[in-house]
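Reading through the structure tokens given below for one structure.
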Amino acid sequence: MDIKAVILAAGKGTRMKSETTPKVLHEIMGKTLLGYVLDNVKNLTSEEFVIVGHHADEVEKYVKDNYENAKTVLQTPQLGTGHAVSMVCPELENYDGLVLILCGDTPLIKEETLKKFVEFHKSQHSDLTVMSTIFENPTNYGRIIREADNSLRCIVEEKDATSEQKLVKEVNAGIYCLNWSKIKPAFSQLKSNNAQGEYYLTDIISWGKAQNLNVNAYILEDSDEIYGINSRINLAQATKMMNRRNLEKYMLNGVTIVDPESTWISEDTQIGQDTIIYPATYIEGKNIIGKNCKIGPCAHLRGGVEVCDNVKVGNFVEVKKSKISSNTNVGHLSYIGDSELGEHVNIGAGTITANYNPLTKEKSKTILKDNVKVGSNSVLVAPVTVEEGANIGAGGIITKNVPAWALAITRSPLKIMADWVKFKLLK
């Protein structure tokens, strides 16, 4: 059965205290909150609809630039979550498959979890399934209210809950699976008679019950996965939670993380066995790191980096959008950007690939072929190619291509003034 997704991303996110960035475009290790949600549904769904509102233009541009199968749908005015989903009704007028509904500010949800959720929905022959979880402190979450036989009755929002209902620890995780053709009529019948005066998505539960539809709740075991981002404090906490999960995955797959407390690695990075990541290293975005590499300490990989086997990226090295081939060494205090480094290349300490022209705002490539040696404190001004086996003398400023096996040196003659120090001291 076909599956489409609806992702709620129209909220203002007032508690984020940001005038320029909508909540769903805040980032964790180089990827937006919305990006995490889209990436975790795109392999399950044929199409994704992102409901936009606050800073709609920015969110729409992000989706258009990064996700081919996703569309944006404008919600204006913003009258609640039920109203938000109703915005896709014209797009899904004759659709007869499943619809997954998610929030754009829950980046920790896993693709595997969503697969299990859909399988549960199908196995129960559900018309509507809501994901729930158990919180010891359920404050601010909608409560799952069950019947005496433990079946699902409804969801009650915190502001509308009675004192007894507020004691319930099972809460709405904000993710739904709908048999769309059966649930679609609900969105034209929702009422706004609640404390907020909004059309709640949660009301489709009681609507479904009234229609004698099969309504169920799927309990998520790991409640961390639906941790929502409402403030910068939540953003920092979610980053820690995600990083811990990522590092555990890498270590279980044979990567040594010397100090997990100071190491940050994105989930979109692949790392081969027997690679060692030293303390205070930060790796964001999408990267591929091979086997038997040594990264750090205090290294920064900024995304778009491919590091092949047996490579050393030293301390205080920054790498961005570059390929470093096997058996190459990048010395400490260096910057490698928009570059291709061949095999058995040695980069001396303090080397910079000057890839950015601030006047034209263009970025150009530096290409170093196999067996190139670059002396310390050198600057390679892109675009430039250094052919196989060439050497760059220490302190070189390379602005022209260097032929194979040549020595390039831009050094003023050394002058030694005898007894200069004694003369100065006696003066």
Projecting the Cα atoms of I175, V255, L201 onto the charge dipole of the range 148-290, where Lys and Arg contribute +1 and Asp and Glu -1 at Cβ, the residue farthest towards the positive end is L201
Taking 0.36 nm per residue of separation between E111 and T20 and subtracting their Cα-Cα distance, the length gained on full extension comes to 29.8 nm
The base-10 log of I(q)/I(0) that the Debye equation returns for the range 325-427 at q = 0.10, 0.17, 0.19, 0.22 Å⁻¹, one scatterer per C-alpha, is -0.33, -0.71, -0.84, -1.09
Ranking L98, T133, N69 by how far each Cα lies towards the positive end of the charge dipole of the chain (+1 on Lys and Arg Cβ, -1 on Asp and Glu Cβ), the top one is N69
So, over other residues within a Cβ distance under 11 Å of N214, counting Lys, Arg +1 and Asp, Glu -1, the net charge is +1
Among (1) 21.6; (2) 24.7; (3) 25.6, the entry matching Kirkwood radius over Cα pairs in Å as calculated here is (2)
One would report the antiparallel percent of DSSP beta bridges in the chain, rounded to the nearest 5, as 20
Among T328, Y278, I347, the residue whose Cα sits farthest towards the positive end of the charge dipole of the range 262-372 (+1 at Cβ of Lys and Arg, -1 at Cβ of Asp and Glu, taken about the Cα centre) is I347
Of the listed pairs K122/K286; K17/K71; K4/K249; K115/K249, those with alpha carbons more than 31 Å apart are K122/K286
With Cα coordinates, the longest principal axis of the chain makes an angle with the long axis of helix 232-252, in degrees rounded to 10, of 70
Given pairs K42/K240; K31/K191; K110/K365; K64/K209 and cut-off 28 Å on Cα-Cα distance, the over-length ones are K31/K191; K110/K365; K64/K209
With +1 on the Cβ of every Lys and Arg and -1 on the Cβ of every Asp and Glu, the dipole magnitude of the chain about its Cα centre, in debye rounded to the nearest 20, is 1720
Magnitude of the Cβ-charge dipole (Lys and Arg +1, Asp and Glu -1) of the range 116-224 about the Cα centre, nearest 20 debye, reported as 400
In nanometres, the difference between 0.36 nm per residue of separation and the alpha-carbon distance of S151 and K12 is 46.6 nm
Its Cα gyration tensor gives the range 45-175 an equivalent ellipsoid whose semi-axes in whole Å, largest first, are 28, 19, 15
Taking Cα atoms only, helix 111-123 is inclined relative to the longest principal axis of the chain by an angle, in degrees rounded to 10, of 20
For K320, the aspartates and glutamates lying under 12 Å Cα to Cα, once residues fewer than eight places off in the same chain are dropped, come out as E284, E306, D338, E340
So the carbon and sulfur contribution to the accessible area of the chain, 1.4 Å probe, in percent, is 50
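The values are calculated or read from the model by the stated rules, or taken from the named source; none is laboratory data. Predicted model, so just to flag it, every value in this text is computed and none were measured. Please note: Cβ atoms are built from the backbone with ideal geometry, for glycine as well, and neighbour counts cover all protein chains shown. With ligands, DNA and RNA removed, areas are computed over all heavy atoms of the protein, side chains included. Shrake-Rupley method; radii C 1.70, N 1.55, O 1.52, S 1.80 Å.
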